[in-house]
1. I'm trying to understand the selection: among the residues of the range 39-70, which are among the β-branched types (Val, Ile, Thr) and under 16 Å from Glu25 (Cβ atoms)?
2. Of everything in the range 31-60 that's of a type outside the set (A, V, I, L, M, F, W, C) and within 8 Å of the chain's Cα centre (by Cα), which residue is farthest from Glu16 (Cα to Cα)?
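Just so it is clear, none of the values below were taken in a lab; they were calculated from the coordinates. Fair warning: this is a prediction, and the values are worked out from it, not measured in the lab. Neighbour counts run over all protein chains shown; Cβ positions are idealised from the backbone, glycine included.
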Amino acid sequence: MYDVVKICETTDRVAELFSDGEFGEAIATHCTCSEVDRFVELLLATGNHDRAEHLLVTHIKADRCADVHTSLHQPDPPARALAHR
């Protein structure tokens with residue numbers, strides 16, 4: 001059985017790591033596109049839209065991969081979720 005409260009609290013603490021620009025930049029520049037997408041999804045799920053957008057924009061600038069993150073092949077790509085907020 002899952003402890004939903006603990007999951008939410010832990011997820012919030014992970015999202016807080018992105019308040020430090022240094023951590024977000026390290027993730028953005030060293031992770032793959034799909035890894036960054038998972039972090040963006042986590043940040044969006046916790047209501048951290050600005051952090052999610054910053055992470056994704058920083059990653060796209062570093063990796064030059066905008067086409068990957070707007071792909072319609074993904075059921076709900078993070079870039080689309082950011083565009084519709």
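1. Our first condition is that a residue be among the β-branched types (Val, Ile, Thr); within the range 39-70, this holds for 40, 46, 57-58, 60, 68, 70.
The answer is Val40, Val57, Thr58, Ile60.
2. Going residue by residue through the range 31-60, those that are of a type outside the set (A, V, I, L, M, F, W, C) are 32, 34-35, 37-38, 41, 46-51, 53-54, 58-59.
Right, trim to within 8 Å of the chain's Cα centre (by Cα) and you get 37-38, 41, 51, 53.
On the way: Asp37: 17, Arg38: 15, Glu41: 14, Arg51: 9, Glu53: 15 Å.
By that ranking, first place goes to Asp37.
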